[in-house]
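The values are calculated or read from the model by the stated rules, or taken from the named source; none is laboratory data. What you are looking at is a predicted structure, and each value in this text was computed from that prediction instead of being measured. Here Cβ is always computed from backbone atoms with ideal geometry, including for glycine, and neighbour counts include all displayed protein chains.
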């Protein structure tokens, strides 16, 4: 077996305690965690606390070494999984650190799920560094997250916006941390364009007929995400209906909206009721596919579509549009959160935009030019929302009419031009500039983890801190369109 570049024998590797979704599942976090484990298991040994809501396997222990060896193509991986409800608790992590003796703790997702972990950071960081792969959906800079960010030795920011917000919140304290831009990466061998007229294309056509229930559609718009409020699925359906209304009847009848999501969810809405209201007799032009399926299923789903749409009002990253791009498809996306990175907006000098304290988001439309594979929808309404744990955050609402115009723009391009632009998107997500392939993401992770472990200075058991009055921090950010 030819060993991977950078391969280390198991006995020489550092051990990572990873907390996130169970890597055997298909949530966005699980998908990214799985790619990280498979792509870095030649450099690190892993013990994983794999979470789920009411996990059916909680309390068990799984040895995933053999399956990891087969996929990662190494002879001696060490990957042990402990399923748990949620993401565990303080006592579980204490036990893991005591018995597994990891060299670093690596965790993923919203800080609200880890308040219990941040509460014991003092004792954890006496032993190992805390590395946080994290995201923040929108400005203003979340000052209320300051203590969470201070509790980490490394902050790996999934989006450029997140990195800028981390720097604003931490101020001078950011200089004492490993702070890197580490965008999500997609496996280019699992998401790819199916070659026309190949044997696999024959399977794809059978798949298409099954998913579309033998209906003959010429233009398919795919949506893939959860049925929750911020994903704006009713607005997506309304945009599709408005798009159909602009076409001659014979062309409109050949268009389909494919929803890969739960039809009904208490966190979202009753989508069949929305579809019946908006489309009436044409409701069969909105088709549901089966959520929670395999990677091959998802690759075929993107391949049978013409464009992927995601107009969420808040979106940290938007993994489905990255998968679509890697599959060689165009995207329509709301200009918010990490989706901005994937559209590759450029500044007045033609360079991929960067964010800073005075410009943390492009949702106000400062820059309009982006990659040819993307059709941006700029928010028509930006509302300051909040809750007790998250007192303020912008909610970027797209107008369904703007989304409909974006669909029409893609439709009018024609199949050949859509294919050309989609392949440009795949080429870019695989590039060194974007770092959005699984290969580049894992290289990024290895550099960040190695730097963190090498520079880690354990905290003292006790610290004397002089309590000062907290200074009032008022943020400056644009409040009007340029």
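The single condition from (1) modelled with pLDDT under 95; (2) in contact with a strand residue (DSSP E or B) (Cβ under 8 Å, 6 or more places away or on another chain) that residue 343 fails is (1). For region 265-317, filtered to residues that are in contact (Cβ under 8 Å) with a residue 60 or more places away in the chain and part of a strand (DSSP E or B), the residue that is nearest to residue 52 (Cα to Cα) is 289.
Residue by residue through region 276-289, note down the ones that are in contact with a strand residue (DSSP E or B) (Cβ under 8 Å, 6 or more places away or on another chain) and under 14 Å from residue 242 (Cβ atoms).
279, 285, 286
Filtered by the rule that a residue be surrounded by 20 or more Cβ atoms within 10 Å (Cβ to Cβ) and in contact with a strand residue (DSSP E or B) (Cβ under 6 Å, 6 or more places away or on another chain), region 48-77 gives 48, 49, 50, 51, 64, 68. Residues in region 226-246 that are assigned to a loop (DSSP other than H, G, I, E, B) and free of Cβ contacts under 8 Å to residues at least 40 places away in the same chain: none.
In this structure, residue 223 does not satisfy being assigned to a helix (DSSP H, G or I) and in contact (Cβ under 8 Å) with a residue 12 or more places away in the chain. The condition of being surrounded by fewer than 17 Cβ atoms within 10 Å (Cβ to Cβ) and in contact with a strand residue (DSSP E or B) (Cβ under 9 Å, 6 or more places away or on another chain) holds for only one of 369, 357, 417, 427, that being 369.
Find the residue count for region 12-37, including only residues that are part of a helix (DSSP H, G or I), at pLDDT 95 or above and surrounded by fewer than 22 Cβ atoms within 10 Å (Cβ to Cβ). Selection size over region 12-37: 1. Taking the criterion of being crowded, with 23+ Cβ neighbours inside 10 Å, touching a residue at least 60 places away in the same chain (Cβ under 8 Å), assigned to a helix (DSSP H, G or I) and in contact with a strand residue (DSSP E or B) (Cβ under 8 Å, 6 or more places away or on another chain), the only residue of region 129-162 that qualifies is 162.
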